[in-house]
Amino acid sequence: MRNAEVRKALSLYFVMGTPNTATNGEQETLDILEAALRGGITCFQLREKGENALKGEALVGFAKKCQVLCRQFHIPFIINDDVDLALAINADGVHVGQDDEQAGIVRTRIGPSKWLGVSTHNAEEVQLAQAIGADYVGIGPIYPTATKLDASAVVGPALIKEIHTAFPDMPIVGIGGISLANFGPALHAGADGIAVISSIASAENPSAATQTFSESIRAIKN
Ligand code: 3NM
């Protein structure tokens, strides 16, 4: 049940923080999130990272506003790499990378009911994520990305296929450089969905871009 719910939520997974918007502004970020929710995203991760990222009380207040929007649309609200924040506002889950707080410790801290996602780049990391009870893994970067400056080497859709074959029960989302022009191979390789930042956050019309993603993903999955 949970596995199926997670797989469904991974379909079109939008990731964003205020540094991913043109003005770095809270209202612009909320407007884009609302547009993406209207367009049909299936999960949202607040990833407030980088030089101009919100911190402290400002971050808590902003995260709550994002959470309210996600609740209106019945979409899971995940916090990137900040267990304290996720616990403080009772987010639906936490996502961590390999350089963040250790996933096993995060699982213990958040308990069994919140979702835990882990960014992975090879089979060994997926094995470990599975062992500590991750609900899904992110695999990337699928293509070159300018959004994450410290992204590791491009893995391509081939790694999704390898992981999907070796770990058939593990829900997978592909991330990194994914656009409307190139998202198909990740799904065909076995990913349950795609995660994007710039293809929605920097789109001329975020709602329309989301809608196009949503319809195209549905067409491939059905
Ligand atoms: N994680 P865009 S790539 C947040 O490879 C993130 O784990 C990655 O941004 C990974 O959709 C990435 O704009 C950036 O390429 C994704």
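The values are calculated or read from the model by the stated rules, or taken from the named source; none is laboratory data. Owing to the predicted nature of the structure, the values given are computational and were not obtained by experimental measurement. Positions of Cβ are generated from backbone atoms using ideal geometry, with glycine treated the same way; all protein chains shown enter the neighbour counts.
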(1) aliphatic (A, V, I, L, M); (2) more than 13 Å from the ligand (Cβ to nearest atom); (3) surrounded by 14 or more Cβ atoms within 10 Å (Cβ to Cβ); (4) farther than 23 Å from His164 by Cβ all hold for Val68 apart from (3)
By residue number, the members of segment 179-206 that are under 25 Å from Gln127 (Cα atoms), hydrophobic (A, V, I, L, M, F, W, C) and under 12 Å from the mean Cα position of the chain (by Cα) are Ile194, Ala195, Val196
Worksheet item: Is one or more of the residues making up segment 73-89 part of a strand (DSSP E or B), away from the ligand (no atom under 16 Å from the Cβ), hydrophobic (A, V, I, L, M, F, W, C) and within 16 Å of the chain's Cα centre (by Cα)?
Response: yes
Ala123 passes all but one of the listed conditions (1) within 13 Å of the ligand (Cβ to nearest atom); (2) of a type in the set (A, V, I, L, M, F, W, C); (3) in contact (Cβ under 8 Å) with a residue 40 or more places away in the chain; the exception is number (1)
Expected output for segment 127-143 (first residue within 15 Å of the ligand (Cβ to nearest atom), partner assigned to a helix (DSSP H, G or I) and among the β-branched types (Val, Ile, Thr), Cβ below 9 Å, 6+ apart or cross-chain) is Ala134/Val126; Tyr136/Val6; Val137/Val126; Val137/Ile163; Ile139/Val126; Ile139/Ile160; Ile139/Ile163; Ile142/Ile160
Picked from segment 17-56 (must be within 16 Å of the ligand (Cβ to nearest atom) and of a type in the set (A, V, I, L, M)), the residue modelled with the lowest pLDDT is Ala22
Restricted to segment 185-209 and to residues being closer than 14 Å to Phe44 by Cα and not in a helix (DSSP H, G or I), the residue farthest from the ligand (Cβ to nearest atom) is Gly193
- Item | Test: Ala4 is in contact with a Gly (Cβ under 7 Å, 6 or more places away or on another chain), surrounded by fewer than 18 Cβ atoms within 10 Å (Cβ to Cβ) and not aromatic (Phe, Trp, Tyr) | no
